[in-house]
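Taking it in order: structure first as structure tokens, then the write-up.
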């Protein structure tokens, strides 16, 4: 069995009087793709932000890549975590190559290593090298999203956190990006935590599902297990509505 990349124990998070996450426990083995799904406001994005140290838990423990986030150097740890969000979040004043390679330059990678990694990522995502000098507004939505994935993977992170990364593109483009993402995940030794509201997307891309409702995990397991045996009537309705 692979070691755990992410381990949460009885985690809670509140904003004022509102409880966003309530007694969440989760363990994710290395090199798995896990989709976190649920309604808007269920705590999906907050769960991902906890893993990246962007927010702190009010209770429980969060361990990422073997480190307790309450007692580690977050800056150093984040260099081992890729993070991509809806809309790619590319810097509009930087060209594609600079956007993708910026972090590697900041941490002092040699130029040859940067170039080799950049070219590998472009090949994996099937982005034409001729796009390297183009700015985000000169790229299609699908190209921007693929460039955002390249940037998230530039430092060869063992953990990739994706927060609704494909929702800003049209359905046809999304299918193509799914294929590129699957190629990337299969080619790199990476654990992926994918937040999505789309169960079809989750089942297509992930090996396991974590279903959140009102800040609690109501079911988790492999995609086949969850689809075959929903834990309650609400999950059954959710599956029927999105997978029928």
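On inspection, residue 210 qualifies as assigned to a strand (DSSP E or B) and either buried (at least 18 other Cβ atoms within 10 Å of the Cβ) or assigned by TED's automatic domain parsing to the domain that holds residue 96 (or both). The set of residues from the range 110-133 being touching a residue at least 24 places away in the same chain (Cβ under 8 Å) and either over 20 Å from residue 173 (Cα atoms) or in the same structural domain as residue 183 (by TED's automatic domain parsing) (or both) comprises 117, 118, 132, 133.
Any chance the range 18-35 includes a residue that's outside any strand (DSSP E or B), without any contact (Cβ under 8 Å) to a residue 40 or more places away in the chain and surrounded by fewer than 19 Cβ atoms within 10 Å (Cβ to Cβ)? Break it down into steps so the answer makes sense when it comes.
Going residue by residue through the range 18-35, those that are outside any strand (DSSP E or B) are 30-32.
Among the residues that remain, those that are also without any contact (Cβ under 8 Å) to a residue 40 or more places away in the chain are: none.
For the range 18-35, residues outside any strand (DSSP E or B), without any contact (Cβ under 8 Å) to a residue 40 or more places away in the chain and surrounded by fewer than 19 Cβ atoms within 10 Å (Cβ to Cβ): absent.
For the structure I just gave you, tell me whether residue 185 is buried (at least 22 other Cβ atoms within 10 Å of the Cβ), out of contact with any helix residue (DSSP H, G or I) (no Cβ under 7 Å at 6 or more places or on another chain), closer than 24 Å to residue 49 by Cβ and assigned by TED's automatic domain parsing to the domain that holds residue 222.
On the way: buried (at least 22 other Cβ atoms within 10 Å of the Cβ): yes; out of contact with any helix residue (DSSP H, G or I) (no Cβ under 7 Å at 6 or more places or on another chain): yes; closer than 24 Å to residue 49 by Cβ: yes; assigned by TED's automatic domain parsing to the domain that holds residue 222: yes.
Yes, satisfied.
Summed over the range 137-155, residues that are under 24 Å from residue 195 (Cα atoms) and touching a helix residue (DSSP H, G or I) at 6+ places or on another chain (Cβ under 7 Å) total 13. Residues that are modelled with pLDDT of 95 or more, surrounded by 12 or more Cβ atoms within 10 Å (Cβ to Cβ) and not in a helix (DSSP H, G or I) within the range 92-126 comprise 94, 95, 109, listed in sequence order. In this structure, residue 142 does not satisfy being assigned to a helix (DSSP H, G or I), outside the structural domain of residue 33 (by TED's automatic domain parsing) and in contact with a strand residue (DSSP E or B) (Cβ under 7 Å, 6 or more places away or on another chain).
May I ask you to say which residue of 192, 169 is in a strand (DSSP E or B), surrounded by 15 or more Cβ atoms within 10 Å (Cβ to Cβ) and not assigned by TED's automatic domain parsing to the domain that holds residue 109?
192
When the range 219-241 is limited to residues that are outside any helix (DSSP H, G or I) and within 17 Å of residue 42 (Cβ to Cβ), the one that is farthest from the chain's Cα centre (by Cα) turns out to be 232.
The values are calculated or read from the model by the stated rules, or taken from the named source; none is laboratory data. Here the structure is a predicted model, which means the values were calculated and not measured. Here Cβ is always computed from backbone atoms with ideal geometry, including for glycine, and neighbour counts include all displayed protein chains.
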